[in-house]
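The values are calculated or read from the model by the stated rules, or taken from the named source; none is laboratory data. Quick caveat, the model's predicted, so the values are computed rather than measured. A quick note on method: Cβ atoms are made from the backbone with ideal geometry, for glycine too, and the neighbour counts reach across all protein chains shown. Side chains are part of the model used for accessible areas, which takes the heavy atoms of the whole protein and leaves out ligands, DNA and RNA. Shrake-Rupley method; radii C 1.70, N 1.55, O 1.52, S 1.80 Å.
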Amino acid sequence: MEKDIITLAIETSCDETSVAVLKNGREVLSNVISSQIDIHRKFGGVVPEVASRKHIENINIIIQQALDEANITFDDIDLIGVTRGPGLVGALLVGISSAKAIAYALNKPIVGVNHIEGHICANYIEHKDLQPPFTCLVVSGGHTYLIYVRDYTDYELVGRTRDDAAGEAFDKVARALGLPYPGGPVIDKLAKEGNKDAVEFPRVYLEHNSYDFSFSGLKTAVLNYLNQARQKGEEIIVKDVAASFQQAVIEVLVEKSIHLAKERHSDRIVIAGGVAANEGLRSLMEKRGNEENIKILYPSRILCTDNAAMIGSAAYFNYINGKVSDLYLNVVPNLDLA
Ligand code: KG4
Ligand code: ZN
């Protein structure tokens with residue numbers, strides 16, 4: 001039996017300072033997440049400079065807490081994983097600098113991780129038997145990707161958004177409805193009580209057979225609906241608008257995912273990223289999956305939104321596939337997946 005690999009992972013790409021300890025890429029020994037959401041909420045979104053400063057204040061405390069909760073010391077670490085992009089440059093730099101300092105001091109290997117790959121790998125933690133290949137939908141605040149995962153660390157990017165990301169659409173529409181940041185969870189909750197057929201919003205499928213997405217037209221349609229209703233003095237039922245908007249987003253996400261899975265004869269669709277926490281998306285995907293004999297997998301809520309455990313998993317799979325970084329590792333704010 002091979003020796004266990006203990007990974008220390010750091011994630012600071014946006015507004016969560018998170019540090020995790022993993023054993024062999026699938027077993028989480030600790031996953032500490034310090035969210036700055038309460039600080040950014042009063043600005044209606046993430047303020048990059050504030051995020052960087054908060055990461056600096058927090059990072060050493062969170063690293064120690066992750067080690068303590070995992071009941072290990074620095075000497076037990078075999079590998080350091082850290083998010084190198086995509087994300088906010090100043091925020092990423094805090095994590096990268098800390099990770100490089102630790103790797104240098106311990107003389108241990110370091111792996112710079114793509115944040116989106118991390119989101120996908122959250123599923124390896126949740127589903128212990130999950131192995132590639134599979135069809136994957138990544139829906140986060142900054143990205144919307146349809147991916148065919150050929151192997152660990154080997155991705156075929158089949159579709160992406162041409163404008164707003166799915167999570168971004170949720171956040172912008174929430175703001176227009178006067179709801180707090182981040183909008184996704186609030187809309188998700190309201191949508192459960194609202195009527196999804198109340199307002200007819202467009203479903204944007206783009207060209208025939210395209211796997212790309214576009215959500216900015218839908219956002220504009222919601223804004224126009226709200227403006228017209230206000231001008232006419234009509235009552236706006238927020239939960240109905242939320243439910244109708246959410247339905248327009250998830251129908252397109254689900255149908256394109258199912259279409260790709262069928263085209264590739266793939267019997268599993270894996271969902272990842274913050275929007276994978278959406279209950280409407282999960283249940284519609286499961287309903288359609290049942291009809292098409294496709295199994296639907298997604299991580300538990302805490303592993304959907306930003307966390308370092310998913311970065312540790314991705315670092316491990318890169319490491320065992322020989323993809324290791326060095327101390328020249330730098331941040332890449334607009335890093336692509338493939
Ligand atoms: O993956 P994530 O934590 O950060 C990025 O990498 O962007 O995703 C954050 C996004 C936000 O846009 C947030 O509104 C959305 O995920 N989100 C949700 C839900 N929970 C988080 N969107 C819809 N329904 C949810 N339950
Ligand atoms: Zn993320």
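See the values below:
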| quantity | calculated |
| --- | --- |
| Some residue of the stretch 235-244 being without any contact (Cβ under 8 Å) to a residue 24 or more places away in the chain, buried (at least 22 other Cβ atoms within 10 Å of the Cβ), within 16 Å of ligand 1 (Cβ to nearest atom) and not hydroxyl-bearing (S, T, Y) | no |
| Residue ID - surrounded by the most Cβ atoms within 10 Å (Cβ to Cβ), chosen from residues in the stretch 101-126 that are over 18 Å from V21 (Cβ atoms) and not aliphatic (A, V, I, L, M) | H119 |
| Residue satisfying condition, being over 23 Å from N31 (Cβ atoms) and away from ligand 1 (no atom under 16 Å from the Cβ), within set D129, D171, D154, D163 | D154 |
| Subset of the stretch 74-104 [among the hydrophobic types (A, V, I, L, M, F, W, C), closer than 17 Å to H119 by Cβ and assigned to a strand (DSSP E or B)] | V82 |
| Filter pass, I62 being more than 16 Å from ligand 1 (Cβ to nearest atom), assigned to a helix (DSSP H, G or I) and of a type in the set (A, V, I, L, M) | yes |
| Those residues of the stretch 162-176 which are part of a loop (DSSP other than H, G, I, E, B) and open to solvent by 20 Å² or more (accessible area, probe 1.4 Å), in sequence order | R162, D163 |
| Any hit, the stretch 263-277, residues being part of a helix (DSSP H, G or I), farther than 23 Å from H119 by Cα and open to solvent by 30 Å² or more (accessible area, probe 1.4 Å) | yes |
| Out of S210, S140, sole residue that is polar (S, T, N, Q) and away from ligand 2 (no atom under 16 Å from the Cβ) | S210 |
| Single condition F201 does not satisfy, out of (1) of a type outside the set (S, T, N, Q); (2) more than 16 Å from ligand 2 (Cβ to nearest atom); (3) under 19 Å from A277 (Cα atoms) | (3) |
| Members of the stretch 291-324 that are among the hydroxyl-bearing types (S, T, Y) and surrounded by fewer than 23 Cβ atoms within 10 Å (Cβ to Cβ) | S300, Y319 |
| Filtered residue count, the stretch 1-30, keeping only those that are part of a strand (DSSP E or B), within 16 Å of ligand 2 (Cβ to nearest atom) and buried (at least 24 other Cβ atoms within 10 Å of the Cβ) | 7 |
| Scope the stretch 181-208; condition part of a helix (DSSP H, G or I) and either acidic (D, E) or away from ligand 1 (no atom under 16 Å from the Cβ) (or both); matching residues | D188, E193 |
| Options G81, G95; residue that is away from ligand 2 (no atom under 14 Å from the Cβ), touching a strand residue (DSSP E or B) at 6+ places or on another chain (Cβ under 9 Å) and open to solvent by less than 20 Å² (accessible area, probe 1.4 Å) | G81 |
| Close pairs from the stretch 269-295: first more than 27 Å from A314 (Cβ to Cβ) and of a type in the set (D, E), partner open to solvent by 20 Å² or more (accessible area, probe 1.4 Å) and modelled with pLDDT of 95 or more, Cβ under 7 Å, at least 6 apart | E292/K262 |
| Leading residue by the ranking (farthest from A169 (Cα to Cα)) among those in the stretch 113-137 that are within 16 Å of ligand 2 (Cβ to nearest atom) and part of a strand (DSSP E or B) | V113 |
| Selection from the stretch 165-182 of residues that are within 16 Å of ligand 2 (Cβ to nearest atom) and under 15 Å from S244 (Cβ atoms) | A169, F170 |
